[in-house]
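In what follows, a structure is listed as structure tokens, so that the remarks can point back to it.
The values are calculated or read from the model by the stated rules, or taken from the named source; none is laboratory data. These numbers come from a predicted model, not from an experiment. Methodologically, a virtual Cβ is constructed for each residue, glycine included, from the backbone with ideal geometry; neighbour enumeration extends over all protein chains shown. Ligands, DNA and RNA are excluded from the accessible area calculation, which covers all protein heavy atoms including side chains. Shrake-Rupley method; radii C 1.70, N 1.55, O 1.52, S 1.80 Å.
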Amino acid sequence: MPEGTSGGTDVFEIMHTMRAMRRLKPDPVPDELIRKILAAGQAAASGGNTQRWRFLVLKDAAIKKAVQLYYKKAFDEVVGPRYASSPPPPGSDPARYKRQHAAVEYLTDHYHEAPVWIVACLEDGANPGRTAGSSIYPAVQNMLLAARALGLGSTLTTRHTQYEKEVDAAMGIPPGFHSYAILPIGYPMGRFGPVGRGPLSDVVYLDDWGKPYPGL
Ligand SMILES: Cc1cc2nc3c(=O)[nH]c(=O)nc-3n(C[C@H](O)[C@H](O)[C@H](O)COP(=O)(O)O)c2cc1C
């Protein structure tokens with residue numbers, strides 16, 4: 001059995017089976033589960049423990065639809081053509097990549113139908129460079145892991161930022177804060193399963209760039 005495909009809530013199992021779940025049922029998700037996901041997000045690290053994050057829970061159908069229109073526009077303009085012309089990533093193959101593309105397109109069309117979104121926001125700070133976002137993405141990953149552990153599906157999405165001004169305004173995010181990720185959350189239609197990644201040995205080095213790390 002591939003690593004991490006048995007049942008249970010072991011953290012390694014969760015990490016290895018936390019696929020992007022893009023086909024979600026519209027059925028409501030109990031608030032208690034959303035609370036657990038949010039608490040997991042808040043347990044994450046932020047630089048200096050500054051916690052300049054805000055988590056906007058969105059259930060409002062009209063707001064989600066307004067954002068979906070921009071999400072779809074960005075798909076039509078950028079993401080769709082890019083998928084159509086790029087090769088499968090490491091650990092994938094043409095058939096799998098085609099399925100991924102179909103799922104991406106499905107989520108694009110049904111984004112707003114996910115019963116709950118968590119929008120991860122961060123207050124403007126002093127680090128607009130390479131570390132921008134580093135005080136919010138640990139919380140995002142914690143929330144994705146928590147959702148997976150609770151049997152809920154989600155996907156880290158950032159495509160909306162191609163229209164960040166319009167989308168942040170549609171979500172009522174005030175000046176001084178920005179959305180960094182939208183997590184559409186719901187019960188998955190499909191099953192969790194092993195994620196597709198390339199060989200670990202292709203991306204790990206020992207001491208010299210390019211020198212294999214024998215500990216794998
Ligand atoms: C920074 C980032 C942004 C992403 N944005 C989107 C997005 O806007 N829409 C989407 O469908 N998936 C998005 N994804 C999900 C990735 O496409 C997905 O995790 C990747 O294809 C691997 O799939 P897997 O986790 O199921 O193996 C994003 C992932 C990351 C890390």
Hey, among the residues in the range 103-159 that are free of Cβ contacts under 8 Å to residues at least 24 places away in the same chain and aliphatic (A, V, I, L, M), which one's nearest to VAL67 (Cα to Cα)? ALA132
I want to confirm something. Restricting to the range 102-116 and keeping residues that are more than 10 Å from the ligand (Cβ to nearest atom) and of a type outside the set (A, V, I, L, M, F, W, C), which single residue is farthest from VAL167 (Cα to Cα)? PRO115
Heads up, the helices (runs of 4 or more DSSP H) in the range 1-113 (entirely inside) with at least 2 residues that are farther than 20 Å from THR158 by Cα are 11-16, 31-42, 94-110
Pick from TYR111, TYR83: which is surrounded by 12 or more Cβ atoms within 10 Å (Cβ to Cβ), aromatic (Phe, Trp, Tyr) and in contact with a Lys or Arg (Cβ under 8 Å, 6 or more places away or on another chain)? TYR111
Among what's in the range 19-34 and is within 18 Å of the chain's Cα centre (by Cα) and over 26 Å from GLN100 (Cα atoms), pick the residue that is most open to solvent (accessible area, probe 1.4 Å). LEU33
Which numbered condition GLN141 fails, given (1) under 15 Å from the mean Cα position of the chain (by Cα); (2) among the polar types (S, T, N, Q); (3) open to solvent by less than 50 Å² (accessible area, probe 1.4 Å): (3)
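From LEU152, LEU56, LEU156, grab the single residue that is aliphatic (A, V, I, L, M), open to solvent by 10 Å² or more (accessible area, probe 1.4 Å) and within 22 Å of ILE14 (Cβ to Cβ).
LEU156
For every residue, the table says whether it meets (1) modelled with pLDDT of 95 or more; (2) closer than 29 Å to ALA39 by Cβ.
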{"position": "ASP93", "(1), (2)": "no, no"}
{"position": "VAL119", "(1), (2)": "yes, yes"}
{"position": "ARG159", "(1), (2)": "yes, yes"}
{"position": "TYR163", "(1), (2)": "yes, no"}
Odd one out for LEU200, checked against (1) under 17 Å from ARG23 (Cα atoms); (2) open to solvent by 50 Å² or more (accessible area, probe 1.4 Å); (3) among the hydrophobic types (A, V, I, L, M, F, W, C): (1)
For the range 184-197, indicate whether the set of residues that are in contact (Cβ under 8 Å) with a residue 40 or more places away in the chain, surrounded by 16 or more Cβ atoms within 10 Å (Cβ to Cβ) and within 12 Å of the chain's Cα centre (by Cα) is non-empty. yes
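Report yes if LEU216 is within 16 Å of the ligand (Cβ to nearest atom), without any contact (Cβ under 8 Å) to a residue 40 or more places away in the chain, open to solvent by 20 Å² or more (accessible area, probe 1.4 Å) and more than 24 Å from VAL67 (Cβ to Cβ), otherwise no.
It is false that LEU216 is within 16 Å of the ligand (Cβ to nearest atom), without any contact (Cβ under 8 Å) to a residue 40 or more places away in the chain, open to solvent by 20 Å² or more (accessible area, probe 1.4 Å) and more than 24 Å from VAL67 (Cβ to Cβ).
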Residue among PRO128, PRO194, PRO138, PRO175 that is within 14 Å of the ligand (Cβ to nearest atom) and assigned to a loop (DSSP other than H, G, I, E, B): PRO194
